[in-house]
Amino acid sequence: MYNATEQFADLNKAGYDNAVKLAELSLEKAERLTKLNLQAAKVALEQGVFSANAVTSIKDVQELITLRAKLTEAGVQNALGYSRGVYEIASEAQADFSALAEEAWASYTKGVAAWVEKATKNAPAGSDVAVTALKSTVAATTAAFDQLSKATKQVVSFADASMRAATANAASAAKTTTTKGRKAA
């Protein structure tokens, strides 16, 4: 005997399980971001104390210029390190959420396909057109999601490459700027 209620209950349980996984992932990434922010605050405080101590010991303009270049380079390196950390956490979160979404979609699609198959077997005579339309809709939806998933992966890959290139360029520019500042001094 065909029991649609049981199949819908299974789909609801899968949805609940995925919601729990999503919450766990979200909390894990929030915890990592909080740790990164606390570490960045600690480094900023240490850098501020170091800078204040260094400024108090300056005796001439040459030392000031050298210190300024050194502090600028340290600040840029800290900012780049923080940006990399945030980007890494965001990238991992995006990958984890995408994997969860793909897993959930595959499970959902499998459940819907099984439901459609059972419904087809128990469909009353003369409902061939409706059954065919339902199967076609499920197939089209699955194909659309697959295309969207592929396009999203391409965009994420392009954004990742762009971010890595921008970070490398910023680090290179920072080194060049501080090196020029030292030579000018």
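Listing for the model above:
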| item | result |
| --- | --- |
| Local net charge near Ser51, Cβ-Cβ under 14 Å (Lys/Arg +1, Asp/Glu -1) | -1 |
| The range 1-86: C-alpha gyration tensor shape, a/c 1.5 cut-off, then a/b vs b/c | prolate |
| Gyration tensor verdict on the range 43-185 (Cα atoms; rounded if a/c is under 1.5, prolate if a/b is larger than b/c, oblate otherwise) | prolate |
| Check: the chain dipole with +1 on Lys, Arg Cβ and -1 on Asp, Glu Cβ, in debye | 900 |
| Residue with peak Gaussian network fluctuation, the chain [Cα springs, cutoff 10 Å], from Ala52, Ala44, Ala95 | Ala52 |
| Distance violations [Cα-Cα > 24 Å] among Lys21/Lys42; Lys110/Lys150; Lys29/Lys153; Lys29/Lys110; Lys13/Lys118 | Lys21/Lys42; Lys29/Lys110 |
| Chain lengthening between Glu31 and Leu11 when straightened (0.36 nm per residue, less Cα-Cα) | 4.2 nm |
| Point-to-point label distance, Asn169-Leu64, nm (Cα→Cβ direction, 7 Å offset) | 3.5 |
| Gain in span if fully extended, Lys153 to Leu38, counting 0.36 nm per residue against the direct Cα distance | 38.2 nm |
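Computed from the coordinates by the stated procedures, all read-outs in this text should not be read as laboratory data. Not measured: the values here are computed from a predicted model. No Cβ is skipped: glycine too gets one built from the backbone with ideal geometry, and neighbour counts run over all protein chains shown.
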